[in-house]
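Q: Here's a structure for you.
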2 protein chains.
Amino acid sequence: MPPSPAPAVPAPDPLIRRHRTADAVLTLTLDGAPPAGREVVVRQLNHDFLFGCIGFDLVPLANGEPPAGQGDGREDGPQAQEGGPAARAEHLAGLWLDLFNSATLPFYWGDFEPVRGRPDTERLRRAARWFAERGCAVKGHPLAWHTVTADWLLDLPNAEIARAQVDRIRREMTDFAGLIGAWDVINEVVIMPIFDKYDNGITRLCREIGRIPMVKMVFDAAREADPHATLLLNDFDMSAAYECLIEGVLEAGVEIDALGLQSHMHQGYWGEEKTLGVIERFSRYGLPLHFTETTLVSGHLMPGEIVDLNDYRIPRWPSTPEGEERQADEIVRHYKTLLSHPSVRAVTYWGITDAGAWLGAPAGLVRADGTPKPAYEALRSLVKGEWWLEPVTLTADDGGRVRFTGFLGEYEVAVAGRTAVVRLGEPGETAVTVAL
Amino acid sequence: MPPSPAPAVPAPDPLIRRHRTADAVLTLTLDGAPPAGREVVVRQLNHDFLFGCIGFDLVPLANGEPPAGQGDGREDGPQAQEGGPAARAEHLAGLWLDLFNSATLPFYWGDFEPVRGRPDTERLRRAARWFAERGCAVKGHPLAWHTVTADWLLDLPNAEIARAQVDRIRREMTDFAGLIGAWDVINEVVIMPIFDKYDNGITRLCREIGRIPMVKMVFDAAREADPHATLLLNDFDMSAAYECLIEGVLEAGVEIDALGLQSHMHQGYWGEEKTLGVIERFSRYGLPLHFTETTLVSGHLMPGEIVDLNDYRIPRWPSTPEGEERQADEIVRHYKTLLSHPSVRAVTYWGITDAGAWLGAPAGLVRADGTPKPAYEALRSLVKGEWWLEPVTLTADDGGRVRFTGFLGEYEVAVAGRTAVVRLGEPGETAVTVAL
């Protein structure tokens, strides 16, 4: 019999089990004795893996403001949901919180501090607190970037731009310490000094001092401002350019906690082979990988010849039934691919809803009218289905032991009306002792 | 009157004059007195600018061997030239030496030392001496590269590969010290650790230790072996990746004497705007730029979708009359663009003849039958015409002074049967005293 052709990529599910699940043996004591024969209820509380999404859309809700774009009473597009704008915002928040455990909040300098000295701190603090109170990790994006940076930098000489940049990092990271535990410290450094769409202070500075001193400057400031924060370098350039930048930055002694990899796929799903190739190349540095900006559209694809996605502006980019089926299929394939590699620790989807989506793309998991697309249900059926332990009732053996297999994360264990929280932090066989 | 549109790129000729020519005032003495009223003949001997070409084709001639591919008496294609293979080789050498002043010789490890411990040193020494005796600068290419590297490296562990690489650099640079003054120390580092066409020792090593330590290792060895040599980093990747690599290498303290930029244009002439853009980006580091590998074809263009030029293999790639006209036009535009920017110090054309050209491409300035193409004549009319001072007879004034404007380089000055050589090394007004 001729051999069948080898698959291009390994099946993800066994790898996901290997890298993401633990076979737990809990040894319980109840008032010091094994609760032999008692019922033990185990239920999953959270994933260690960061299933993230931008939380930009929920900043108004968290602040008690009218939903964005609806404050003037006009309706933007169809509204299938019942109730007024506030009810619709609550509904969207419900969908968000039912799927994600990590929020990215916007710190674009030009929006955050359009007038020097008047930062939007309080509003963002309320948003960060809203997510934190609901059990979400929060990340700020970005502290340094040439796009949407503050226009007023253009009035400063480069040395003062550098000082303002460092001061800005110190201020935000101090103001949000304890609320925001991770930051995209600097974004898109590969293109930063040669960005030529328009003049801006950050490109000017980076061109003068060079990429590596720029990264070192902002990371030093960030590390000093909050030594406990997770600091990311983030880029969209998945070529050898980013590798070369990373190697230069690491050689220069900059401590990076995680590498941010963007994957806006407006021009089409990368596919498993490319995705695994990217992961393989960037996992060489031994650092956690975060897929920081992930997008899959549920409409037509952006033409491949567009180099800067920002150049694609069309009046209407509809979500279509066949596009929604494709998006649902691709999101499952993409998330499975990401979780199949142990270096990947986080993925942030770039926008739950089509309403107000970047480039007007139908990139949301929820339509503009508030109804979930198939991709929402498909992703949820992984995160809170296939990869989630529904509450299970076990019986403790004579030694007070129960066994279960679950995804890495936190679990509540309940016996006789008492509860404890345990964390499965490493894949494979795990022994945990629980005194109740 | 509406303003006419601004040209995309500045006219090169005034810039070439500004950056490449000197207005010389020679103050002569003949036996201590000004040779007032005497005739002074000035003739150019050489260009400071390195107009280079690979000298691979002339290695057999320099060694008294039958010309490559003709040793068995078979004819390879049409032969318009009179005489046998030896005469034709001499004819090609004459064309070569009439146009170029700088030769690149092949040091591909796999060809140079196919059996460990048996390097092709003597043959290459004779070739280097042949060019040096004819007034040419000589460069070796390359000392470290993953392509055409020695197969026997695959039998070694990485630490021994590193040792063999360093030893190889020391050996070649010592053996050729005084003959070869410049080296492409390492080639194509951007892709080196992720090159995946076939397994090889250099990719293995670079993947393990990283790009910057790899570059540092080979440059340290090269600098130590010959402190007087010009050491180049060379790459085909003109994207931000090469910038990031360069910045990392410079931050790590590696001293690079010149940046090598490849420009194989089998897929079409870059045009002035792209060329100037590349020069602008890579001139930011304040290092001399060498266009180390320049190709323009005189036949059909390679399709743009080919990513690795080596993947394009066709049985026959003819030179065509219209292709030859295009090549001649483009070579003039390209060389004028390069000389218009002061950072560019050298350009090496990748092959004088179509016979045996890389990829079988009609990239030569001379056809396979030995006749010059229009591009040869066009380039010669610049290098030895528009940019060259034909012997000129001047008359010394009362102070013994003569004035002329010439391209930077060496000139012979003759008065009353005596001669001296002067060098114009800086553009603009230049005063030189010559005692005869």
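The values are calculated or read from the model by the stated rules, or taken from the named source; none is laboratory data. In this text, all values refer to a predicted model and were calculated from it rather than measured experimentally. Glycine also receives a Cβ, built like all others from the backbone with ideal geometry; neighbour counts cover every protein chain displayed.
Q: So is A:THR21 among the β-branched types (Val, Ile, Thr), modelled with pLDDT of 95 or more and either over 36 Å from the mean Cα position of the chain (by Cα) or closer than 30 Å to A:ALA128 by Cα (or both) or not? Don't jump to the end; show me each part of the working.
A: Details: among the β-branched types (Val, Ile, Thr): yes; modelled with pLDDT of 95 or more: yes; either over 36 Å from the mean Cα position of the chain (by Cα) or closer than 30 Å to A:ALA128 by Cα (or both): yes.
The answer is yes for A:THR21.
Q: Another question about this same structure. Quick test of your reading of the structure: A:LYS139 fulfils all but one of (1) in contact with a helix residue (DSSP H, G or I) (Cβ under 8 Å, 6 or more places away or on another chain); (2) basic (Lys, Arg); (3) in contact (Cβ under 8 Å) with a residue 24 or more places away in the chain. Name the failing condition by number.
A: The one condition A:LYS139 does not meet is (1).
Q: Every residue in the range A:21-70 that is of a type in the set (A, V, I, L, M, F, W, C), over 29 Å from A:GLU426 (Cβ atoms) and surrounded by fewer than 18 Cβ atoms within 10 Å (Cβ to Cβ), please.
A: Of the residues in the range A:21-70, the ones of a type in the set (A, V, I, L, M, F, W, C) are A:22, A:24-26, A:28, A:30, A:33, A:36, A:40-42, A:45, A:49-51, A:53-54, A:56, A:58-59, A:61-62, A:68.
From what is left, the residues that are over 29 Å from A:GLU426 (Cβ atoms) are A:54, A:56, A:58-59, A:61-62, A:68.
Once the filter is applied, which keeps residues that are of a type in the set (A, V, I, L, M, F, W, C), over 29 Å from A:GLU426 (Cβ atoms) and surrounded by fewer than 18 Cβ atoms within 10 Å (Cβ to Cβ), the range A:21-70 yields only A:ALA68.
Q: Pull up the range A:244-257, narrow it to residues that are more than 21 Å from A:ALA346 (Cα to Cα) and outside any helix (DSSP H, G or I), then point me to the one that is nearest to the other protein chains (Cβ to nearest Cβ). Lay out the reasoning, then the answer.
A: To start, the set of residues in the range A:244-257 that are more than 21 Å from A:ALA346 (Cα to Cα) comprises A:244-245, A:247-254.
With the extra rule that they be outside any helix (DSSP H, G or I), the set shrinks to A:252-254.
Values: A:ALA252: 5, A:GLY253: 10, A:VAL254: 11 Å.
The residue in question is A:ALA252.
Q: Here is a follow-up. Looking at A:GLY304 and the list (1) surrounded by fewer than 20 Cβ atoms within 10 Å (Cβ to Cβ); (2) under 20 Å from the mean Cα position of the chain (by Cα); (3) free of Cβ contacts under 8 Å to residues at least 40 places away in the same chain, which single condition is not satisfied?
A: Condition not satisfied by A:GLY304: (2).
Q: Hey, another quick one. When you check A:GLU305 against the structure, is it at pLDDT below 95 and either over 25 Å from A:GLY181 (Cα atoms) or in a helix (DSSP H, G or I) (or both), yes or no? Break it down into steps so the answer makes sense when it comes.
A: Numbers: at pLDDT below 95: yes; either over 25 Å from A:GLY181 (Cα atoms) or in a helix (DSSP H, G or I) (or both): yes.
Criteria met by A:GLU305.
Q: What's the number of the only condition in (1) touching a strand residue (DSSP E or B) at 6+ places or on another chain (Cβ under 7 Å); (2) buried (at least 22 other Cβ atoms within 10 Å of the Cβ); (3) touching a residue at least 60 places away in the same chain (Cβ under 8 Å); (4) part of a helix (DSSP H, G or I) that B:GLY260 fails to meet?
A: Tallying (1) touching a strand residue (DSSP E or B) at 6+ places or on another chain (Cβ under 7 Å); (2) buried (at least 22 other Cβ atoms within 10 Å of the Cβ); (3) touching a residue at least 60 places away in the same chain (Cβ under 8 Å); (4) part of a helix (DSSP H, G or I), B:GLY260 fails exactly one: (4).
Q: Looking at (1) small (Gly, Ala, Ser); (2) assigned to a helix (DSSP H, G or I); (3) surrounded by fewer than 18 Cβ atoms within 10 Å (Cβ to Cβ); (4) out of contact with any strand residue (DSSP E or B) (no Cβ under 8 Å at 6 or more places or on another chain), which is the only condition A:ALA241 fails?
A: A:ALA241 satisfies every listed condition except (3).
For every residue, the table says whether it meets (1) surrounded by 19 or more Cβ atoms within 10 Å (Cβ to Cβ); (2) of a type outside the set (A, V, I, L, M).
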residue: A:TRP130; (1), (2): yes, yes
residue: A:LEU153; (1), (2): yes, no
residue: A:ALA177; (1), (2): no, no
residue: A:ASP184; (1), (2): yes, yes
residue: A:LYS197; (1), (2): no, yes
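Q: Going by the structure shown, is A:TRP317 in contact (Cβ under 8 Å) with a residue 40 or more places away in the chain, touching a Ser or Thr at 6+ places or on another chain (Cβ under 6 Å) and farther than 26 Å from B:ILE194 by Cβ?
A: no
Q: Take A:GLU293 and decide whether it is surrounded by 19 or more Cβ atoms within 10 Å (Cβ to Cβ) and under 30 Å from A:LEU156 (Cβ atoms). Spell out how you get there, then give the answer.
A: Numbers: surrounded by 19 or more Cβ atoms within 10 Å (Cβ to Cβ): yes; under 30 Å from A:LEU156 (Cβ atoms): yes.
Criteria met by A:GLU293.
Q: Which condition number does B:ALA420 fail, the rest of (1) surrounded by 17 or more Cβ atoms within 10 Å (Cβ to Cβ); (2) in contact with an Asp or Glu (Cβ under 9 Å, 6 or more places away or on another chain) being met?
A: (1)
Q: Would you confirm, using the coordinates I've provided, whether B:LEU205 is under 18 Å from the mean Cα position of the chain (by Cα), surrounded by 20 or more Cβ atoms within 10 Å (Cβ to Cβ) and away from chain A (no Cβ under 12 Å)? Give the steps one after another, and end with the answer.
A: On the way: under 18 Å from the mean Cα position of the chain (by Cα): no; surrounded by 20 or more Cβ atoms within 10 Å (Cβ to Cβ): yes; away from chain A (no Cβ under 12 Å): yes.
So B:LEU205 fails the test.
Okay, residues lined up against (1) farther than 17 Å from B:LEU231 by Cα; (2) out of contact with any Gly (no Cβ under 8 Å at 6 or more places or on another chain):
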{"residue": "B:ALA137", "(1), (2)": "no, no"}
{"residue": "B:ASP155", "(1), (2)": "yes, yes"}
{"residue": "B:THR174", "(1), (2)": "no, yes"}
{"residue": "B:ILE180", "(1), (2)": "no, no"}
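Q: Picking from A:GLY323, A:GLY356, A:GLY364, which residue would you name as being in contact with a Gly (Cβ under 7 Å, 6 or more places away or on another chain), crowded, with 23+ Cβ neighbours inside 10 Å and not acidic (Asp, Glu)? Spell out how you get there, then give the answer.
A: Working: A:GLY323 fails: crowded, with 23+ Cβ neighbours inside 10 Å; A:GLY356 fails: crowded, with 23+ Cβ neighbours inside 10 Å.
Every option except A:GLY364 fails the conditions.
Q: OK, next. Would you be able to say whether some residue in the range A:324-342 is over 27 Å from A:VAL278 (Cα atoms) and of a type in the set (S, T, N, Q)?
A: From the range A:324-342, those over 27 Å from A:VAL278 (Cα atoms) are none; that's our starting set.
No, there is no match, as no residue in the range A:324-342 is over 27 Å from A:VAL278 (Cα atoms) and of a type in the set (S, T, N, Q).
Q: Pick out the one residue from B:GLY400, B:GLY409, B:GLY425, B:GLY385 that is in contact with a Leu (Cβ under 8 Å, 6 or more places away or on another chain), closer than 18 Å to B:TYR335 by Cβ and modelled with pLDDT of 95 or more.
A: Working: B:GLY400 fails: closer than 18 Å to B:TYR335 by Cβ; B:GLY425 fails: closer than 18 Å to B:TYR335 by Cβ; B:GLY385 fails: in contact with a Leu (Cβ under 8 Å, 6 or more places away or on another chain).
The match here is B:GLY409.
Q: All but one of (1) out of contact with any helix residue (DSSP H, G or I) (no Cβ under 7 Å at 6 or more places or on another chain); (2) within 11 Å of another protein chain (Cβ to nearest Cβ) hold for A:VAL190; which doesn't?
A: (1)
Q: Can you tell me how many residues within the range A:263-282 are outside any loop (DSSP other than H, G, I, E, B), hydrophobic (A, V, I, L, M, F, W, C) and away from chain B (no Cβ under 14 Å)? Steps first, answer last, please.
A: So the first thing to find is which residues in the range A:263-282 are outside any loop (DSSP other than H, G, I, E, B), and the list is A:263-265, A:272-282.
Filter again for hydrophobic (A, V, I, L, M, F, W, C), leaving A:265, A:276, A:278-279, A:282.
Next cut, away from chain B (no Cβ under 14 Å) only: A:265.
Residues in the range A:263-282 being outside any loop (DSSP other than H, G, I, E, B), hydrophobic (A, V, I, L, M, F, W, C) and away from chain B (no Cβ under 14 Å): 1 in total.
Q: Yes or no: the range B:217-238 includes at least one residue that is within 10 Å of chain A (Cβ to nearest Cβ), outside any loop (DSSP other than H, G, I, E, B) and under 25 Å from B:LEU309 (Cα atoms). Spell out how you get there, then give the answer.
A: Step one: list which residues in the range B:217-238 are within 10 Å of chain A (Cβ to nearest Cβ), which gives B:237.
With the extra rule that they be outside any loop (DSSP other than H, G, I, E, B), the set shrinks to none.
Taking every residue of the range B:217-238 in turn, none turns out to be within 10 Å of chain A (Cβ to nearest Cβ), outside any loop (DSSP other than H, G, I, E, B) and under 25 Å from B:LEU309 (Cα atoms).
Q: Which of the residues spanning the range A:193-202 are more than 14 Å from chain B (Cβ to nearest Cβ) and under 19 Å from A:VAL254 (Cβ atoms)? Please lay out each step first, then the result.
A: Quick first cut of the range A:193-202, residues more than 14 Å from chain B (Cβ to nearest Cβ) only: A:197-202.
A:ILE202 - this is the single residue of the range A:193-202 that is more than 14 Å from chain B (Cβ to nearest Cβ) and under 19 Å from A:VAL254 (Cβ atoms).
Q: Quick one: count up the residues across the range B:283-295 that are β-branched (Val, Ile, Thr) and part of a loop (DSSP other than H, G, I, E, B). Break it down into steps so the answer makes sense when it comes.
A: Taking the range B:283-295 as the starting set, the residues that turn out to be β-branched (Val, Ile, Thr) are B:292, B:294-295.
Narrowing further to those that are part of a loop (DSSP other than H, G, I, E, B): none.
Final tally of qualifying residues: 0.
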